[in-house]
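Take a look at the structure set out below.
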Amino acid sequence: MFEATKGLGSYRRLLAAVQPYRPIFLGSLLGMVALASTEWVLPALLRHLVDDEFGKDLGRYFLLLPVVLIVLFFTRGLMSYVANVGLNALANRVVMDLRAAMFRTLVALPTRFFDQRTAGEVISKFTFDVTQMTQAATNCLTVLVKDSFIIVALIAYLVYINGRLAVFLLLVAPPTAWIISKVSRRMRQLSHRLQGSMGAINAVIEEAIGGHRDIKIFGGQDYEIGRFERAINAARKFTMKVVSTNAATEPLVQACIALGVGLMVMLALREAARGSITRGDFVSFVTATAMLLPPIKRLTNMNENLQRGLAAADSVFALIDEPIERTEGKAPLAAIRGALEFRGVHAGYRDSPVLSEINLSINAGEAIAFVGPSGGGKTSLVNLIPRFYEPTEGEILLDGQPIAACDLRALRAQIAYVGQHVVLFNDTIYHNIAYGALRALPHAQVLAAADAAFVTEFVAPLPQGFDTEIGDKGLRLSGGQRQRLALARAILKDAPILILDEATSALDAESERRVQDALTKLRPGRTCLIIAHRLATIEGVDRVVVIEDGRILEQGTHGALLKRGGLYAKLHALQYESAERADF
Ligand code: ADP
Ligand code: MG
């Protein structure tokens, strides 16, 4: 619905967003137009009163007029209600649609996108920018339709009373328009910066919530408070710049209008002296002119809203248009064996290359361990397999088929993954194991996976068992419990390729050994890629690949590498020594 179309500005796209709700839209427009087109009735009534009724005998209008007034205000109230509620119903639907479209893009964005932005920045697009945009749109629409109709209706009425006078009012229009157009550009720039500062505020709050323990231990309160105050101060400054630019424009515009009105009153008095207008005409004319001012004022203010809304729309549509992951491709064979091959793979992040010239053949069903100093590129390497990142050079083949040509969903369906940072969702233990596509699996299978990852043993004593809510990011669990949950999820997926990135690092030696046993039982029939620092945990794998500085340094079986006396042997000796020392 919100697809980018070349040459269409934010205006048109917003209008496209309204399309599905045309009946509500037209209804509220109609309400506004009806409301606006009765605006002239009041000055007309006054004119009639002054010229025809005032000071005369109580005629037949004595009772009729109040009734007319009451009916008039009642129907106007009704129309105003329809217009208001209709417009807001529409705006809120559009907010919902936009947020849904943004979220659909969000979950399909490549990992790269998230590397470059703070969560706060993205969240403020969903909260602040969308509402800014629709509020502005609602406001502008009201002004544009209702107020311009009021203005047209009143001016038409003025022309009807006395054309020459009315023309004077129109002379004010060009200079006013000129001032407004001058200010527009600055307004929009300021609004963009205001949005940026809202994102910064969110980002600091996010970090303060996520890192509250570290903030306390390392005495970061003052630093964070300072950072936050700078962010809110920046937001205040930008808001003030918007306000002051607007406030400076307004008197200028009002002065133009006052000039016009002043001249008009002068002329009106002259016309009256010449006898070409009646008292009633005069009263009615001045009333109608006075009634013109509020809508004109709103019209001149509209610019602020419009620019703010357009700036917000730019930000919202930019997220919706953000290129999502390329998912199309031929689906990999239904029965994947799980043979992987890296052919001259280079990869990296933005400007920093990490992996270079990786050539590696992994047989179907092989268990392979990646070891090496941290920062060497192990995580970066395994992240290429589910295509979180794409290689800059070379290719990766799955069962002989380039994964770049695979359907992304189908590819990922073949991979179970426990990342270096365990990710849990604010849900029950059960649903953290049976997450996403796994939700459909039978209960018994979920429990079996929980058993295999030793989740059951810490869940059993809990009063609500598997239905226990684990809190935001699983904060109500210990680190080891979280890892076991993530493992259970991977076990439940039962995919031909299993990637474990330091997946047992937070477990105590005892649970680690047991989880390891469980994983060993899982290994047959699937390709396992295991990254581990504790070398003792990977002794049983078929092959060890040592990675340093983004290159494969050496590879072979545990025994062969020990004999070779290279980096692996050195790492092994170090750990063995420290383990011995720990025994004393
Ligand atoms: P390992 O898992 O072996 O410890 P990584 O693959 O995590 O190493 O990191 C390899 C290098 O890539 C490091 O120098 C790290 O700074 C860099 N790196 C990792 N992730 C990112 C990222 N998302 N953006 C930019 N650089 C990254
Ligand atoms: Mg890593």
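Taken together, the values in this text are just the output of simple stated rules run on the coordinates, not laboratory data. On a predicted model such as this, the values are computed, not experimentally measured, just so you know. A quick note on method: Cβ atoms are made from the backbone with ideal geometry, for glycine too, and the neighbour counts reach across all protein chains shown.
Annotation for Ala437 and Ala334: the two label points, set 7 Å from Cα along the Cα-Cβ direction, are 1.5 nm apart. In terms of surrounding Cβ atoms within a 10 Å radius of their Cβ, Glu271, Glu457, Glu512 rank from fewest to most as Glu457, Glu271, Glu512. Comparing Gly474, Ile538, Gly550 along the charge dipole axis of region 468-573, the residue lying farthest to the positive side is Ile538, per the Cβ-charge model. Taking every C-alpha pair closer than 8 Å and separated by at least 6 residues, the mean separation divided by the residue count of the chain gives a relative contact order of 15 percent.
Here is the result for region 453-487: no trypsin sites (Lys or Arg not before Pro) lie in DSSP coil with at most 11 other C-beta atoms within 10 angstrom of their C-beta.
Exposure proxy for Ile415, Ile324: other Cβ atoms within 10 Å of each Cβ, ordered fewest to most, give Ile324, Ile415. Below 15 angstrom from the Cβ of Arg185, what's the summed charge of the other residues (Lys, Arg +1; Asp, Glu -1)? Every neighbour counted, the sum reads +4. Of Ile205, Val95, Phe342, whose Cα points farthest to the positive end of the dipole of the chain (charges on the beta-carbon: +1 Lys, Arg; -1 Asp, Glu; origin at the Cα centre)? Selected residue: Val95.
Each of Asn303, Leu561, Ser352 was scored by the projection of its Cα onto the charge dipole of the chain, and the greatest displacement toward the positive side belongs to Asn303; charges sit on the C-beta of Lys, Arg, Asp and Glu. Over region 1-159, consider all pairs of different Cα atoms and compute the Kirkwood hydrodynamic radius from their mean reciprocal separation; express it in Å, one decimal. Kirkwood radius, region 1-159: 19.2 Å.
Within straight-line reach of Lys125, meaning a Cα separation under 15 Å, sit the following aspartates and glutamates at least 8 residues removed in sequence or on another chain: Asp97, Glu206, Asp314, Asp321, Glu322. When a/c reaches 1.5 or more, the comparison of a/b and b/c decides; with that in mind, is region 395-475 rounded, prolate or oblate per its Cα gyration tensor? Judged from the Cα gyration tensor, region 395-475 comes out prolate (a/c at least 1.5, a/b above b/c).
With all distinct Cα pairs included, what does the Kirkwood hydrodynamic radius of region 126-174 come out to in Å, to one decimal, could you say? Please list the in-between numbers first.
Values: mean 1/r = 0.0780 Å⁻¹.
In region 126-174 this quantity evaluates to 12.8 Å.
Relative to the longest principal axis of the C-alpha atoms of the chain, give the angle of the C-alpha long axis of helix 148-161, reported between 0 and 90° and rounded to the nearest 10°. Orientation of helix 148-161: about 10 degrees from the principal axis.
Region 109-153 and region 13-46 have Cα centres spaced 22 Å apart.
I need the shape label for region 500-584. Rule: rounded when a/c is under 1.5, else prolate if a/b > b/c, else oblate, with a, b, c from the alpha carbon gyration tensor. Here region 500-584 falls in the oblate category. Any idea how far the Cα center of region 458-473 sits from the one of region 533-560, in Å? Computed from Cα coordinates, the inter-centre distance equals 37 Å.
Electrostatic bookkeeping for Gly211 treats Lys and Arg as +1 and Asp and Glu as -1; over the other residues with beta carbon under 14 Å from its beta carbon, the sum is -1.
Shape of region 99-235 from its Cα gyration tensor (a ≥ b ≥ c, root eigenvalues): rounded if a/c is under 1.5, otherwise prolate when a/b > b/c, or oblate? Prolate.
Over the alpha-carbon set of region 209-250, divide Rg by the Kirkwood Rh and report the Rg/Rh ratio to two decimals. Walk me through the numbers before you get to the answer.
Working: Rg = 16.2 Å, Rh = 12.2 Å.
My calculation puts Rg/Rh at 1.33.
Residue exposure proxy: Leu165, Leu109, ordered by other Cβ atoms within 10 angstrom of their Cβ from fewest to most, comes out as Leu109, Leu165.
Tell me, what is the Rg over Rh of the chain, with Rh the Kirkwood radius over Cα pairs? Intermediate results must be reported in sequence, preceding the final value.
Details: Rg = 35.3 Å, Rh = 30.0 Å.
Rg divided by Rh gives 1.18.
Listed by chain and number, the aspartates and glutamates whose alpha-carbon sits under 15 Å from that of Lys241, ignoring those within fewer than 8 places in the same chain, are Glu250, Glu304.
To the nearest µm²/s, what D does Stokes-Einstein give for region 2-320 at 10 °C and 1.306 mPa s, using the Kirkwood radius over alpha carbon pairs as Rh?
Details: Rh = 23.1 Å.
Stokes-Einstein gives a translational diffusion coefficient of 69 µm²/s.
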